[in-house]
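Q: Quick one: structure below, then a few questions.
The values are calculated or read from the model by the stated rules, or taken from the named source; none is laboratory data. Not measured: the values here are computed from a predicted model. Cβ: placed from backbone, ideal geometry, glycine included. Neighbour counts: every protein chain shown. Only protein heavy atoms, including side chains, enter the accessible area calculation; ligands, DNA and RNA are left aside. Shrake-Rupley method; radii C 1.70, N 1.55, O 1.52, S 1.80 Å.
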Amino acid sequence: MQVTETTAAGLKREYRVVVPATDLEAKVNERLDQLRGRVQLRGFRPGKVPVAHLKRLYGKSAMAEAIEAAVREANSKIITDHGFKLATEPKVVLPSEEGAVDGVIEGKADLSYTVELEIVPPITLADFKTLKLTRLTAEVADAEIDQSLQTIAEQYRPFVTKTEGAANGDRATIGFEGSIDGGPFEGGSGEDVPLMLGAGRFIPGFEDHIVGLKPGESTTFNVKFPDDYQTASLAGKEATFAVTVKAVDAPGAITVDDEFAKTLGLESLTNLKEAVKERISREHAMASRHKLKRALLDQLDERHKFEPPPSLVEREFANIWSQIEKDMAREKRTFADEGTTEEKAREEYQAIAERRVRLGLVIAEIGERNNIRVTEDQLTAAMIERARQYPGQEKTVVDHYRKTPGALETLRAPLFEDKVVDFLVELAKVTEKPVSRDELFKEDEE
């Protein structure tokens, strides 16, 4: 076998490989010899079929197998000899001249092909013991528990049917049809829609027209969508709504006490408060970890600057951009609505794609060098946890992960990343900083 490097530019490598016809013939004969002891042909005793006869019957298929094996072995040798890590699968280009491949298959010519490789650059890892991180922590305040209890109470608040006109705080069940310039619009109609008056969940001014109406009464009015409405096609437009009030329910009294706790399956109000505090504590811990992880990834990005493989960046950008286009089409937004241009948006998301690819390669390198693995038990636990998020459909979810190619990898990747993050946090110098709940949950500035 002869291997000649023809291109070495950036992370691209190209080699011309020539496999002698004699090597391919040896592989074919080896394959035919294996078949000789297995096939049963009329007129021949088992194991006594002449090789020449087998070659007439199976020669072409055996040669195809030999070519595939030769290409696989040659490519593997190139990768191993040079210590390459591949960003993508090798691209094999066979001769395009007429009859060239036929000559190889017939055993009359050497196999000559080109293999194109894109490699992952060597990554020099930083000294992770020099990382300095801050873990934000927030105590669960009594006011936070009380507020959560009140929210729970509102969810279970009883309502009493009333015949009087609707008032703020009441729940009105309505049917409505909306139109703009005399025509209907998407999302502009509904039946038996519950509306909490005074909550401000509909277009500004909408609820004001419902106040005072009794069950069975109807009204027609105009309201204007806000200029910054999330659906760009409706923003700033005036709509006409025909509304019928079908029912009005007034909120009843509710007391958060031991009896209320028992309706939720707990023994006492004390137990309910403890459960609420535990849930809030978990929320705090998740927010704290999110910020710590983001800070860690930022430092990894700063300390590992290298050219990521272009094809991986292109693939990542394509995935991101496809989702952006789908979201904008669904919400009928434009780049102008976002205060930018498509060109600027592409530049921004290109940079995001490069960061993601680079960090992914760094995390993979850290995991490989430190033998960090996701066990099958951990993967199964993650699958079961995901299935629990869909009550009544657990079996369907589990079957999806077990039977769909690549589905389990969508669970393995984040598990692996979290294990690498935990490994790095153990090495880093971490300082705890008590903060308020507002600061803990404050969105990071871009």
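Q: Can you find a residue that is in a loop (DSSP other than H, G, I, E, B) and either more than 30 Å from Phe185 (Cβ to Cβ) or in contact with a Gly (Cβ under 6 Å, 6 or more places away or on another chain) (or both) anywhere in segment 342-353?
A: no
Q: To continue, here is another question. Any idea how many residues of segment 213-239 are open to solvent by less than 50 Å² (accessible area, probe 1.4 Å), of a type outside the set (Phe, Trp, Tyr) and touching a Phe, Trp or Tyr at 6+ places or on another chain (Cβ under 9 Å)?
A: Selection size over segment 213-239: 8.
Q: Scan segment 192-212 and report the pairs whose first residue is farther than 20 Å from Lys237 by Cβ and acidic (Asp, Glu) and whose second residue is in a strand (DSSP E or B) and open to solvent by less than 60 Å² (accessible area, probe 1.4 Å), with Cβ atoms within less than 7 Å and a gap of 6+ or a chain change.
A: The qualifying pairs are Asp192/Thr173; Asp192/Gly175.
Q: Give the residues of segment 248-270 that are open to solvent by less than 30 Å² (accessible area, probe 1.4 Å) and either under 22 Å from Gly175 (Cβ atoms) or assigned to a strand (DSSP E or B) (or both), sorted by residue number.
A: Correct list: Val248, Asp249, Ala250.
Q: Also: Name the pairs: first residue in segment 218-244 and closer than 19 Å to Glu331 by Cβ and touching a residue at least 60 places away in the same chain (Cβ under 8 Å), second residue outside any loop (DSSP other than H, G, I, E, B) and charged (D, E, K, R), Cβ to Cβ under 8 Å, at least 6 apart or on different chains?
A: Gln230/Glu331; Thr231/Glu331; Ala232/Glu331; Ala239/Lys224
Q: So, one more: Filter segment 85-131 down to the residues that are more than 28 Å from Glu25 (Cα to Cα) and open to solvent by less than 40 Å² (accessible area, probe 1.4 Å) and list them by number.
A: The answer is Ala87, Thr88, Glu118, Ile119, Val120, Pro121, Ile123, Leu125, Ala126, Phe128, Leu131.
Q: OK, next. For segment 164-212, give me each residue that is under 37 Å from the mean Cα position of the chain (by Cα), β-branched (Val, Ile, Thr) and either closer than 12 Å to Val245 by Cα or in a strand (DSSP E or B) (or both).
A: Val193
Q: Which one of Val397, Val362, Val374, Val357 is surrounded by 15 or more Cβ atoms within 10 Å (Cβ to Cβ) and outside any helix (DSSP H, G or I)?
A: Val374
Q: State whether the residues of segment 295-310 include one that is surrounded by 15 or more Cβ atoms within 10 Å (Cβ to Cβ) and more than 30 Å from Lys132 (Cβ to Cβ).
A: Checked against the condition, which is being surrounded by 15 or more Cβ atoms within 10 Å (Cβ to Cβ) and more than 30 Å from Lys132 (Cβ to Cβ), segment 295-310 yields at least one hit.
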